[in-house]
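Working notes, structure below.
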Amino acid sequence: MSLDRIGQALASFYDDLIAEGIPDHLASLIRQVQSEPAAASEAAPRAKPQPLKLALVVEDDAATRALAEALLSDTELGVLGCDSAEAALNVMRERGGDVALVFADVSLAGAMDGVQLASAIALLWPSARVVVTSGGKAERPSSLPDQAVFIPKPWRPFDLLTEADLATSTPQPIIS
């Protein structure tokens with residue numbers, strides 16, 4: 001079985017594990033498996049150009065999601081939108097290495113909220129910049145991962161564009 005298939009299998013179990021918490025040794029294994037195929041492909045000569053970096057907007061309110069997508073489309077990032085954390089995790093499984101910025105609301109459609117999504121991304125894709133927003137609380141949720149940024153609603157377009165710029169110009173540290 002290839003490392004890529006093992007990584008996909010481990011990632012598919014993630015949704016069930018997030019509710020119980022993932023032991024550090026399993027999270028470390030998942031990160032290693034996900035990074036090894038990328039390292040192997042970098043050693044081989046590439047015929048394709050470097051993939052476009054992406055911004056992932058995760059918001060259950062269609063109008064707010066459309067606004068964030070429109071703002072981010074004026075940056076150098078490609079933009080994808082989702083209304084749930086589960087849909088966002090599917091995108092991350094497929095394109096996680098290309099995602100530079102995840103902009104998520106705390107309240108989302110589906111079983112997971114934006115804080116749980118931020119925790120999953122911080123654990124499995126630590127190089128992605130995660131920005132979480134909420135209109136319900138003006139304070140940073142206590143369970144939000146340290147590396148995630150919190151912006152209360154109503155957010156200003158400038159704040160979102162600044163985070164997009166930081167996501168493309170300041171590489172996030174890879175936590176091992």
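The values are calculated or read from the model by the stated rules, or taken from the named source; none is laboratory data. Quick caveat: nothing in here was measured; it's all calculated off a predicted structure. Methodologically, a virtual Cβ is constructed for each residue, glycine included, from the backbone with ideal geometry; neighbour enumeration extends over all protein chains shown.
Take the conditions (1) within 20 Å of residue 146 (Cα to Cα); (2) modelled with pLDDT under 95; residue 117 misses just one of them, which is (2). Residue 94 passes every criterion in (1) under 24 Å from residue 169 (Cβ atoms); (2) under 14 Å from the mean Cα position of the chain (by Cα); (3) not in a loop (DSSP other than H, G, I, E, B) apart from (1).
Restricting segment 120-149 to residues that are closer than 17 Å to residue 65 by Cα and modelled with pLDDT of 95 or more leaves a set whose member that is surrounded by the most Cβ atoms within 10 Å (Cβ to Cβ) is 130. Being of a type outside the set (Ser, Thr, Tyr) and assigned to a helix (DSSP H, G or I) is true of residue 118.
Within segment 100-114, is even one residue buried (at least 19 other Cβ atoms within 10 Å of the Cβ) and assigned to a helix (DSSP H, G or I)? Taking every residue of segment 100-114 in turn, at least one turns out to be buried (at least 19 other Cβ atoms within 10 Å of the Cβ) and assigned to a helix (DSSP H, G or I).
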